[in-house]
Amino acid sequence: MPQIVFSSRNLNKTYRVGSVEVAALQGLDLDIYQGEFIVILGPSGSGKSTLLNILGGLDSATSGAAAWRDHNLVEASDEELTRYRREHVGFVFQFYNLIPSLTARENVELVTDIAEQPMRPEEALVKLGLSERLDHFPSQLSGGEQQRVAIARAIAKRPDVLLCDEPTGALDCRTGVGVLSALDEVNRSFGTTTVVITHNAAIGAMADRVMYMADGRIARIESHSERALPEEIRW
Amino acid sequence: MKALDRKLLRDGRRLAGQAVTIALVLASGVAVFISSLSAYRSLVTSQQNYYRESRFADAFASLKRAPLSVAARIADIPGVTQVEPRLVYDVTIGVEGVSLPVSGRMIALAAGDEPEIDRLHIVSGRGLDHANPAEILVTQAFAEANRLGPGDRISALLNGRRQSFRIVGTVLSPEYVFSTGPSEPLPDDKRFGVFYVSREVLAHAFAMEGAFNDIVLIAAPGANMPAILSALDLLLDRWGGRVAHDRNLQMSHRFLQDELRQQGTMAATIPPIFLLISAFLLHVVMGRLVATQREQIAALKALGYDREITWHFAKFAALIVLPGVGLGVAAGVVLGHVMLFSYRPFFRFPELAYHLPVWAPVAATAIALFGGLGGAIGAVRSVARLRPAEALKPAAPPAYSARFSRALAPVPARWKIAARGAGEHPLRTGVTLLGLIVAAPLVLMGLFWTDALDYVVDVQFAASERADAVVQFVEPLPARVVEEVRRMPGVLLAEPLRIAPVRLRAGHLEYQTSLTGLSDRMQLRRLLDDRLHVVVPPKVGLLLSRRLAERLRLQVGDPVGLDFLEGRQKRAAVPLAGVVNDLIGLSAYMDRGAMDRLLQEDQTVSAVAVRLDASRADDFYAATKKTPKISTVSLRERSIRNFRDSTGAVVLLLAGIYVAFSITIAIGVVYNNLRIGFQERSLELAMLRVLGFTPYEAARIFFSEILVEVGVAIPLGLVAGYFLVRLLLLAFQTEMFEIPPAIAPRSYFWAASLVGGAAVVSAILIGRKLWRQDLVTALKGRE
Ligand SMILES: Nc1ncnc2c1ncn2[C@@H]1O[C@H](COP(=O)(O)OP(=O)(O)OP(=O)(O)O)[C@@H](O)[C@H]1O
Ligand SMILES: [Mg+2]
């Protein structure tokens, strides 16, 4: 049995809006194993992004326990969370969020400059099939290419976990598949634990496990013994 | 409430810090504008009212002695509506407990009791009882400076006889709003006063029964003044008349006009600059604020909103502009009152009534609204021009040039962000730079006045007029009097001067001033050229103050007509030998020997410049008082103090106000520029934090660009300030003064520190925001 890297127990996140409390996560329990590829599905507002943000140290929970290995993510200070993100986490978002004034290579350098044992930026970009686009600015790249730069930026520091919030949300099927195979490739070759949020149930086929969220909880988990290849996925 | 209006309120609250600082910048601009303008208008109105109510004379003449029947003939000159013959004598005054030499002008009517022209306004006590020759009125300024009031006694040396008087009242006269002693360039209320006594006193002391030696007159509106003056000269010629003159040569009026002109220039130049700069900043800041909402504007457009969007942002701008203007006008009115109140000791009018011209707040509001709404609406327009689909995407980053990229290759990523951010957003960078650049000149514009006054004192009083005291005689005396002065107690060095009133003529231009004859190798009075080198008067020809030579349109070598206005009234023509750099006054200079020859005199002396042993100064003053042939003693120390107290004090008051406001504006400008820069980059900064950058590292990237901008803006601002000050001073030259564009290094230092300091404070405020930035919200919201 592989090791558990993420675990949470009775995790709660409540937002206070005026006098109303919105519970985004309600007593969520979760275990994620080393090297797993997880897809999270669920209706809008079910708490997917909230969960991912807490796992990635972007946000902190209201109560309960959440840990990455021996890092307590609930009680960590801002400095500890920054260090955690810097050393262990790679993020990919729906809207790429590249720095517009830096080229593809430089966007990746931004991370390798502060990481401990990074890849060379070119290596990461070549891995994502961007060898011809190293010195292009984000405005000179297509959406799919920008997203691949974002992934290259996320993996260049050899993170332990890769957290992706709707990485194909803004892309068409073919481009999306390209991005997914990049994620799959990273997961397989580096053993990077990967969590992908999506609204696209078809993507679940390429995961080790699919978690269905509803009302701030994991409602159901589906395990696959066999992972589909990204190229086989259509939507 | 409509949804859009709710957005308005929330945006207002979210941007409160910015809204307040922008409003303050605007309020500062408006306040300076309103206060300077209203204080100036109040002065002018008060002057006009006072001149009218007190019936200030239109023409003035003095003479040796004429029978009263001559006054009747003067009254018959066409255009003259009323005349008032008087007895006027400059005398030495004794005030209990005052060791400084004091001189005074004694005035009495030659006929009648109460003046009908140049009426007196009684401030305290009462008017004269003409049956009592021991009663005297003193000017309020002199009374205050010497702490005198009704009941106190003073004495005067009248024609060699000391006479004692009891003060019964203190008065103001339109003739002596500023009272300047004979041949002194500046008023000194402690050492020169004007006194009014009954006719009997002067008529008796100077044997002038049935006669007069001074006359003032009022002319009909639109009368031909030059004709009246030449008729006067003609009539008075055989009575020893000195050239008659109109208000333009009346000392108090001339000084007052100069002061008012200076106030007027100050009100007409600096405050509009403040107002325009703050309106411009408003324009820029509003534009950028709106631009940060481009996606919202696009979304609204996509929803079918159109005109409402413009209207919405116009309201948003008005929400900031109107309170700013309101605050500015209110502060301006209060400040205007304060300024007017502090003018009281300088401008001695019976009443200084506050007067705010209606157009001033209207103009200020219009300019501010124009700036604010213009900026906001312009930005909305430029977003609205885009197709919604285009605008919904974040603004397309500019196309970065490949060459620039290669050049930057070895540079660390954070400097790349800074350099590209600055270099490739020329508009954004330009606007930030401009905002930062204007801050320094504003500060310099307020600070440099002190430097200028220090410079004047240094040049005029330390390098040029170096005598501790100048003794003037009742009439020109033979040269041996110099020896007498040298033997007076405390005198270390005594050097003779020959001073004579003259009229200079050059073509149809003429100017009345005094001609000073300087001896060879004089130490106590030196003339300086533009580079502050000593100029020695040549054996032939005349030296003039540069401004006087310009005024008479004279070039070196041109002949100058010279009419002496005393003694035998000689006339001569001499070449202009050169110009000198007098900062105060317009004067003429000659070699004393050459002047002697022109006047056909032998070594005559009208004044002696002395260097004193400071510890024995009081003995010296006492000795001068006992010497009847000495009419006045002027003291350098007092001159400096007078200069600082008169021009200096008024100018510095204004300058202080300007500095305070320029600091507000500088801080507002810098803060807003940085704040908007932060807003424009908030998504980028949040992204850096997500990537694992510490707040400190993210701040370094953000502030690198700011650092470059501030580093470029400060030196540029100082250079701009230098030129602005020069430009400003062109407008400031008056007849009596020239303000040199001497900005001390210390002022540059302060201006730079202030802008730098404002940047640091803003950086700290914004840094705190950066520290507290909520990543999830920033990534989601793209605010
Ligand atoms: N800052 C916030 N303040 C208040 N409520 C919030 C905030 N952020 C999220 N929520 C609420 O928390 C719940 C979960 O939000 P979350 O963003 O995790 O949903 P999600 O599953 O990612 O939805 P989607 O698929 O639409 O992205 C929602 O009901 C949302 O309204
Ligand atoms: Mg989500």
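Order these by the 10 Å Cβ neighbour count, fewest first: A:180, B:492.
Values: A:180 23, B:492 12.
So the ranking, lowest neighbour count to highest, is B:492, A:180.
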How far is it, in nm, from the label point at residue B:64 to the one at residue B:81 when both lie 7 Å from their Cα along the line to the Cβ?
3.5
Rounded FRET efficiency, nearest 0.05, which uses the C-beta distance separating residue B:723 from residue B:526 and R0 of 25 Å:
0.20
The protein assembly as shown: antiparallel DSSP beta bridges as a percent of all, rounded to 5
75
With only Lys, Arg, Asp and Glu charged, each at its Cβ (+1 for the first two, -1 for the last two), find how big the charge dipole of the protein assembly as shown is about the Cα centre; round to the nearest 20 debye.
540
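Looking at the square roots a ≥ b ≥ c of the eigenvalues of the Cα gyration tensor of the range B:491-612, which shape do they give, rounded for a/c under 1.5, prolate if a/b is larger than b/c, or oblate? Display every interim value, and only then the final one.
Values: a/c = 1.85, a/b = 1.21, b/c = 1.53.
In terms of gyration-tensor shape, oblate.
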Pulled fully out, how much extra length does the chain show between residue B:551 and residue B:510, if you take 0.36 nm times their separation in residues and subtract their Cα-Cα distance?
13.9 nm
When the Cα centres of the range B:488-527 and the range A:5-26 are compared, how far apart do they sit, in Å?
93
Around residue B:765, with a cut-off of 13 angstrom between Cβ atoms, what is the net charge of the other residues, counting Lys and Arg +1 and Asp and Glu -1?
+4
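Provide B:283, A:136 in ascending order of the number of other Cβ atoms located within 10 Å of each residue's Cβ, fewest first.
Values: B:283 22, A:136 19.
Ordered from fewest to most neighbouring Cβ atoms within 10 Å, B:283, A:136 come out as A:136, B:283.
Placing +1 at every Lys and Arg Cβ and -1 at every Asp and Glu Cβ, with all other atoms neutral, what dipole size does chain B have around its Cα centre, in debye to the nearest 20? Intermediate results must be reported in sequence, preceding the final value.
On the way: 87 positive and 70 negative charges, 669 e Å.
The calculation lands at about 3220 debye.
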Non-local residues with an amide H under 5 Å from the amide H of residue A:217, with H modelled 1.01 Å from N and Pro and chain starts lacking one, are A:26
Under 1.5 on a/c is rounded, so check that first for chain B, then, if it is not, pick prolate when a/b is larger than b/c and oblate when it is not; a ≥ b ≥ c are the square roots of the alpha carbon gyration tensor eigenvalues.
prolate
What are the residues whose amide H is under 5 Å from the amide H of residue B:631, where those residues sit 5 or more places off or on another chain and H is modelled from the backbone?
B:472, B:473, B:474
Cut-off under 5 Å, modelled amide H: who pairs with residue B:123 long-range
B:170, B:171, B:172
Which whole-angstrom value gives the distance between the alpha carbon centres of the range B:712-776 and the range B:544-609?
45
Treat each spin label as a single point 7 Å out from the Cα along the C-beta direction, and report the residue B:457 to residue B:765 distance in nm.
3.6
What distance in nm separates the simple spin-label points at residue B:223 and residue A:174, each placed 7 Å from Cα in the Cβ direction?
10.2
Give a residue-ordered list of calculated ³J(HN,Hα) values for the range A:207-216 (Karplus: 6.51 cos²θ - 1.76 cosθ + 1.60, θ = phi - 60°; whole Hz; x for Gly, Pro).
8, 5, 9, 10, 10, 9, 9, 8, 6, x
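Quick one: net charge of residue B:746's neighbours, Cβ under 11 Å, K/R +1, D/E -1? Intermediate values should be presented prior to the final figure.
Values: positive: none; negative: B:451, B:454.
Overall, the nearby charge balance is -2.
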Structure-based [θ]222 nm, chain B - -39500 (n - 2.57) summed over DSSP H runs of at least 4, per residue, nearest 500
-17000 deg cm²/dmol
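Assigning unit charges at the beta carbon (Lys, Arg +1; Asp, Glu -1) and nothing else, what dipole magnitude in debye, to the nearest 20, does the range A:34-189 show about its Cα centre? Write out the running numbers ahead of the final one.
Numbers: 15 positive and 23 negative charges, 63 e Å.
With Lys and Arg at +1 and Asp and Glu at -1, about 300 debye.
How do A:77, B:173 rank when sorted from fewest to most other Cβ atoms within 10 Å of their own Cβ?
Values: A:77 9, B:173 22.
Placing the least packed residue first, the sequence is A:77, B:173.
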Rounded to the nearest 0.05, what FRET efficiency do residue B:73 and residue B:351 give with R0 = 35 Å and r taken as the Cβ-Cβ distance? Could you check?
0.40
If you take the charge dipole of the range B:58-249 about its Cα centre, with +1 on Lys and Arg Cβ and -1 on Asp and Glu Cβ, which of B:228, B:173, B:210 is farthest toward its positive end?
B:210
Note the angle between two axes, namely the Cα long axis of helix B:3-14 and the longest principal axis of the Cα atoms of chain B, as a number of degrees from 0 to 90, rounded to the nearest 10.
60
Which FRET efficiency value, to the nearest 0.05, do you get for residue B:14 and residue B:536 by plugging their Cβ-Cβ distance into 1/(1 + (r/R0)^6) with R0 = 51 Å?
0.10
Considering only the other residues whose Cβ falls under 15 Å of the Cβ of residue B:468, what net charge follows from Lys and Arg at +1 and Asp and Glu at -1?
+4
I'd like the distance between the alpha-carbon centres of the range B:34-59 and the range B:222-282, rounded to an integer number of Å.
12
DSSP beta bridges in chain A [antiparallel fraction, %, rounded to 5]:
60
Along the charge dipole of the protein assembly as shown, pointing to its positive end and built from +1/-1 on Cβ of Lys, Arg, Asp and Glu, which listed residue (B:382, B:688, B:731) has its Cα farthest out?
B:731
Once phi is turned into ³J(HN,Hα) by the Karplus curve 6.51 cos²θ - 1.76 cosθ + 1.60 with θ = phi - 60°, what whole-Hz value does each residue of the range B:48-64 show in order, with x for glycine and proline?
4, 4, 5, 4, 5, 5, 8, 6, 5, 5, 9, 9, 9, 8, 10, 8, 7
Which percent, to the nearest 5, of DSSP beta bridges fully inside the range B:491-612 are antiparallel?
80
Place a label point 7 angstrom from the Cα of residue B:230 along the Cα-to-Cβ direction, then list the residues of the range B:500-527 whose backbone nitrogen is under 18 Å away.
B:503-512
Gain upon complete extension [residue B:129, residue B:207; 0.36 nm per residue less C-alpha separation]
25.9 nm
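Every read-out reported here was derived from the displayed coordinates using simple, explicitly stated rules and does not represent laboratory data. The structure presented is a predicted model; accordingly, all values stated were derived computationally and were not measured. Using ideal geometry, Cβ is built from the backbone for each residue, glycine included, and neighbour counts are taken over all protein chains shown.
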